[in-house]
1. Which members of segment 218-270 meet the condition of being polar (S, T, N, Q) and either assigned to a loop (DSSP other than H, G, I, E, B) or in contact with a Lys or Arg (Cβ under 7 Å, 6 or more places away or on another chain) (or both)?
2. Output the qualifying pairs, or none if there are none: Cβ atoms under 6 angstrom, residues six or more apart or on different chains, first residue in segment 130-158 and in a strand (DSSP E or B), second residue modelled with pLDDT of 90 or more and of a type in the set (Asp, Glu).
3. Looking at (1) at pLDDT 95 or above; (2) out of contact with any helix residue (DSSP H, G or I) (no Cβ under 8 Å at 6 or more places or on another chain); (3) closer than 19 Å to residue 133 by Cα, find the lone condition where residue 239 falls short.
4. List every residue pair whose Cβ atoms lie under 6 Å apart, where the two residues are 6 or more positions apart in sequence or sit on different chains, the first residue falls within segment 168-180 and is in a strand (DSSP E or B) and modelled with pLDDT of 95 or more, and the second residue, located anywhere, is surrounded by fewer than 18 Cβ atoms within 10 Å (Cβ to Cβ) and aliphatic (A, V, I, L, M).
5. Exactly one of (1) outside any strand (DSSP E or B); (2) loosely packed, with under 14 Cβ neighbours inside 10 Å; (3) touching a residue at least 60 places away in the same chain (Cβ under 8 Å) is unmet by residue 107. Its number?
6. Could you run through segment 78-91 and say how many residues are at negative phi, touching a residue at least 60 places away in the same chain (Cβ under 8 Å) and outside any strand (DSSP E or B)?
7. Tell me yes or no: at least one residue of segment 191-210 is in a loop (DSSP other than H, G, I, E, B), under 27 Å from residue 65 (Cβ atoms) and in contact with a Leu (Cβ under 7 Å, 6 or more places away or on another chain).
Amino acid sequence: MSKLKIIINKSYCLTLIASFFIIDINAQLSGDPGEIIAVKAEENLKGSDYAISIEGSLYQLIPLPYSNQGEYIKHEGKSIYINKRDFGESRISIENTSLVDLNKEDSDRAYKESKIIKETLNTYTRNIKPDFNLIKPVEGIISSRYGKKRFINDKPRSPHLSLDIAAPEGTTVVSPAKGNIILVGNFFYSGNYIVIDHGYGLLTSYSHLSKVSIEENQIVEKGQKIGAIGSTGRVTGPHLHWTVYFEKIRINPELIIQENFLKKLLLNQK
């Protein structure tokens, strides 16, 4: 009986193994839009603003943008895949069409205010180091979740990358963590509005407040009252529009207020 002789190109074999290894690494680094993932870091980590100790090891926390669904993003040489996800949709009817189709005066005001807010969100302190152990800013009913496609009077708008919590007018709103108040104002869309800098790229904002109980450049502690639920700005009823930013990316607030949030990050990567 003749024998079949198989010759394997050594360099091709090594390349093939390496390719599978890379794919396997990339497959492990993935998550949903609006999530934060934890990637193990070296003790002498360079080029990163923030790393945190979880169960005795040092990790980088990486936010996953909503806008990059179905794509890989690069973060300091690491490839991370962002899953596609359907968050559903939200349809709102506003009878006062002047709040939907703005006149020139309101449009100019909204544009100027958006620049102020954007500039504020692009700055943060390193004097405060967040522990990512946040509490809910208000007790109420979730009326709109993160990620929903929005339609106002049947017209498509930007996705809802915040958390809406409905509660009676005047319900107390507290700071979910220690931070510095970096912006207080009254804006066309957001009404009475606050931004808190919690340090190292973690910021939170609060819209539609009926009352503001703090001032700019004030340090607030976790659980300290900062204002009260209201219906100022463009709204259909009293609620808190709460946005959480990490490294300039809006993340899902419901994830970050979970009990043992940091430990769950590790479980998600195993």
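1. 218, 224, 231, 232, 236, 243, 252, 258, 260, 269
2. 143/164; 144/164
3. The number of the failed condition is (3).
4. Here the result reads 180/219, each pair linking segment 168-180 to a residue that is surrounded by fewer than 18 Cβ atoms within 10 Å (Cβ to Cβ) and aliphatic (A, V, I, L, M).
5. Status for residue 107: all satisfied but (3).
6. Number satisfying all stated conditions: 2.
7. no
Matching residues to (1) over 24 Å from residue 100 (Cα atoms); (2) at pLDDT 95 or above; (3) among the polar types (S, T, N, Q):
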| position | (1), (2), (3) |
| --- | --- |
| 126 | yes, no, no |
| 133 | yes, no, yes |
| 147 | no, no, no |
| 158 | no, no, yes |
| 182 | yes, yes, no |
| 186 | no, yes, yes |
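The values are calculated or read from the model by the stated rules, or taken from the named source; none is laboratory data. Please read these numbers as outputs of a predicted model, since none were measured by experiment. Cβ sites come from the backbone with ideal geometry, for glycine too, and all protein chains shown count toward neighbours.
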